[in-house]
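What follows is a short report on a single structure.
The values are calculated or read from the model by the stated rules, or taken from the named source; none is laboratory data. Because the structure is a prediction, the values reported are computed rather than measured. Positions of Cβ are backbone-derived with ideal geometry, glycine not excepted, and every protein chain shown enters the neighbour counts. Protein only, heavy atoms only, side chains kept; ligands, DNA and RNA dropped before computing areas. Shrake-Rupley method; radii C 1.70, N 1.55, O 1.52, S 1.80 Å.
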Amino acid sequence: MCGIVGYIGESSASPMLLDGLKKLEYRGYDSAGLAVYQNGGVKVVKTKGRIADLEQKLASSAALTGTVGIGHTRWATHGAPTDANAHPHTGGGGRVTLVHNGIIENYIELKSMLETAGCCFVSETDTEVLAHLFDYYYKGDLLTAMRKVMRTVRGSYAVAVLAADKPDRIIAAKKDSPLIVGRGDGEHFLASDIPAVLKYTRECYLLEDGEIALLQRNAVAFFDKDGTPLHKEIYRVTWDAQAAEKGGYAHFMKKEIAEQPKAVRDTLSPRIADGKIIIPELHLTEEEIRAIGKIHIVACGSAWHVGMAAKYIFESAAGISCETDLASEFRYRNPIIRAGDICLVISQSGETADTLAALREAKRKGAHTVSVVNVVASTIARESDDVIYTMAGPEIAVATTKAFSAQLAVIYLLALHFAKAVGRLSDEAESGLCTQLLQLPDAIASLLMLEKDLAALAKQFAAAKNVFFIGRGLDYAISLEGSLKLKEISYIHSEAYAAGELKHGTISLIEPGTPVIAVATDESLFEKTLGNIKEVRARGANVVALVSGEHKEVQEFADFVIHVPQANTMLMPSLNVIPLQLFAYYMALERGCDVDKPRNLAKSVTVE
């Protein structure tokens, strides 16, 4: 969770560390801190709050001028967001200083052991246990100490350590939490994610689980958990650093909403040629696709909503049975996986802890794993049998928009590819759908023109206490995403329901003035959904209806009608989500919320 940065070179470390932490703000955090080696020791400055609070604290303290340091932004797991619980943490009276992402599962028993050995703790964190444990094992050899720590702890970690008696080195290691090393000229960098170092280098090493990195100014060495030296290849970053900047938009989220036509086009275009779906990254043969017993779809958050849509799409298009699971539930229900089953894993970051664990469970039980991931060389991507990358580019806002749309685009490709393989899609039908897919980015772009209408709608509803979303079939799946977007960035209580379930309890919550967003774009289910609109309207709800085509009759029962272009039912989620994203965005603006960094949330959830 959150962000790690490190620097060793000839330049002042603190400005680079602060700059790197700012590039990682999208990961979510509630405290921040730095540790820099200078004057024969390591000085730590940390505080609860934002990086701006850390900068103020640094300005009021003695200058940090050292050229070796580590930094961290923390999202609270063990202990509240306080100065004491903020990273970095120290052990051995300052002999060891470290930062850590992840969770140490056996920290209570380790803390008890270390207290018996005389260690005194000043925080509530599991990370401070790591600091004291490293000091406990440290006898002058950083590598030996790190190896012993790795053998002792259970859980997930990306960790970077400074030792007061080794002013020219940083040692780091990872397990189930991302960590990269950036290579410079006479300097090296450490970070949780590439954007933190991209200003300084495009050459990076990607650490795998169980690997250790020992950084010096002019060298970096890698080792496995047994201390055996490793040779690692350089990964050269090819995407533009400006892709992580706002580009004139007020918020990253608004910029990323506007980038969706490009993200969808970039994801679809390379995989469509001459009216055919071509997915070179997928290594399943047609025979293996025909033999699929069940598709297990696992994901979290918005990616799970893509998975909900995928279930409808795969079963309708390809006739293959699907189960969509929350990744956090999948491995604990002892899922039944049989020979020929595949597990489809969806994750923007490719580092989501629950999703990674579900992937590993599916592989352990014999499923062929296919991941849909946005971040190249992420852990989920590396551990999957096949990986299909979305081409959304860096997504900075915590609330996903363009990555969500790019994931939907991959689902369409896979569903049509499977449908063709099982004989449910003719060449002619495939060609027609490919044409519609290639037209999808333009249709999405046309919906961005609704922003003024949705901004006006948000002004009317910004004071709402509760908002409900209803829909049927794919409209229900996208209602889930619309509701999540609203609640996560505007802090309004919101729920999404399958419209047919209203009369089974939920309708009791509808009272005069309650906003209800009704997604009614599935033509085969329109009359059914219209009936549900009438039910909530009769109880005083203010209804916003999202429809495709004319449907003039809906105007009699809805207070506001939003029209989206007509398209194949399978593709409607990509269109419907755009006005729902814009509505959530303007609701958050009206309420004065931090759109890009909503409270208590993180971009990449790398703890269970």
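Numbers for the structure displayed
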| quantity | calculated |
| --- | --- |
| Total residues in region 488-498, condition of a type outside the set (Gly, Ala, Ser), within 22 Å of Ala463 (Cβ to Cβ) and in a strand (DSSP E or B) | 2 |
| Flag if Ala458 is in a helix (DSSP H, G or I), small (Gly, Ala, Ser), within 13 Å of Leu575 (Cβ to Cβ) and touching a residue at least 24 places away in the same chain (Cβ under 8 Å) | no |
| Residues within region 248-297 that are over 12 Å from Phe418 (Cα atoms), touching an Asp or Glu at 6+ places or on another chain (Cβ under 9 Å), assigned to a loop (DSSP other than H, G, I, E, B) and not charged (D, E, K, R), tallied | 5 |
| Residue satisfying condition, being aliphatic (A, V, I, L, M), open to solvent by less than 40 Å² (accessible area, probe 1.4 Å) and within 22 Å of Met391 (Cα to Cα), within set Ala221, Ala196 | Ala196 |
| Residues (open to solvent by 30 Å² or more (accessible area, probe 1.4 Å), within 17 Å of His493 (Cα to Cα) and not aliphatic (A, V, I, L, M)) located in region 509-542 | Glu511, Pro512, Gly513, Asn542 |
| Test result for Glu109, free of Cβ contacts under 8 Å to residues at least 40 places away in the same chain and under 21 Å from Asp165 (Cα atoms) | no |
| Selection from region 184-193 of residues that are open to solvent by 20 Å² or more (accessible area, probe 1.4 Å) and in contact with a Phe, Trp or Tyr (Cβ under 8 Å, 6 or more places away or on another chain) | Gly184, Glu187 |
| Hits in region 27-72 - residues which are within 30 Å of Thr400 (Cβ to Cβ) and open to solvent by 20 Å² or more (accessible area, probe 1.4 Å) | Asp30, Lys46, Lys48, Gly49, Arg50, Ala52, Asp53, Glu55 |
| Region 357-371, subset in contact with a strand residue (DSSP E or B) (Cβ under 8 Å, 6 or more places away or on another chain) and touching a residue at least 40 places away in the same chain (Cβ under 8 Å), residue most open to solvent (accessible area, probe 1.4 Å) | His368 |
| Extreme residue, modelled with the highest pLDDT, among residues of region 317-352 that are of a type in the set (S, T, N, Q) and part of a loop (DSSP other than H, G, I, E, B) | Ser321 |
| Of all residues making up region 199-218, the number that are open to solvent by less than 50 Å² (accessible area, probe 1.4 Å), over 14 Å from Glu233 (Cα atoms) and touching a residue at least 60 places away in the same chain (Cβ under 8 Å) | 4 |
| Sole exception among (1) free of Cβ contacts under 8 Å to residues at least 40 places away in the same chain; (2) among the charged types (D, E, K, R); (3) open to solvent by less than 10 Å² (accessible area, probe 1.4 Å) for Lys487, by number | (3) |
| Matching residues in region 393-440 - criterion: being charged (D, E, K, R) and surrounded by 24 or more Cβ atoms within 10 Å (Cβ to Cβ) | Glu395, Lys402 |
| Filter result (touching a residue at least 40 places away in the same chain (Cβ under 8 Å), surrounded by 21 or more Cβ atoms within 10 Å (Cβ to Cβ) and in a strand (DSSP E or B)) within region 146-174 | Tyr157, Ala158, Val159, Ala160, Val161, Leu162, Ala163, Ile170, Ile171, Ala172, Ala173 |
| Some residue of region 496-508 being at pLDDT 95 or above, open to solvent by 20 Å² or more (accessible area, probe 1.4 Å), more than 19 Å from Ser302 (Cα to Cα) and not charged (D, E, K, R) | no |
| Count - residues of region 274-292 that are open to solvent by less than 80 Å² (accessible area, probe 1.4 Å), over 26 Å from the mean Cα position of the chain (by Cα) and not aliphatic (A, V, I, L, M) | 2 |
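Let's see how each residue does on (1) within 19 Å of Tyr312 (Cβ to Cβ); (2) out of contact with any strand residue (DSSP E or B) (no Cβ under 6 Å at 6 or more places or on another chain):
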position: Ala456; (1), (2): no, yes
position: Arg472; (1), (2): yes, yes
position: Ala499; (1), (2): yes, no
position: His504; (1), (2): no, yes
position: Pro512; (1), (2): no, yes
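Per-residue answers, yes or no, for (1) open to solvent by less than 10 Å² (accessible area, probe 1.4 Å); (2) more than 28 Å from the chain's Cα centre (by Cα):
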{"residue": "Tyr107", "(1), (2)": "no, no"}
{"residue": "Glu128", "(1), (2)": "yes, no"}
{"residue": "Leu133", "(1), (2)": "yes, yes"}
{"residue": "Lys139", "(1), (2)": "no, yes"}
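For (1) of a type in the set (A, V, I, L, M); (2) open to solvent by 20 Å² or more (accessible area, probe 1.4 Å), each residue gets a yes or a no:
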{"position": "Lys459", "(1), (2)": "no, yes"}
{"position": "Ile470", "(1), (2)": "yes, no"}
{"position": "Asp475", "(1), (2)": "no, no"}
{"position": "Ile478", "(1), (2)": "yes, no"}
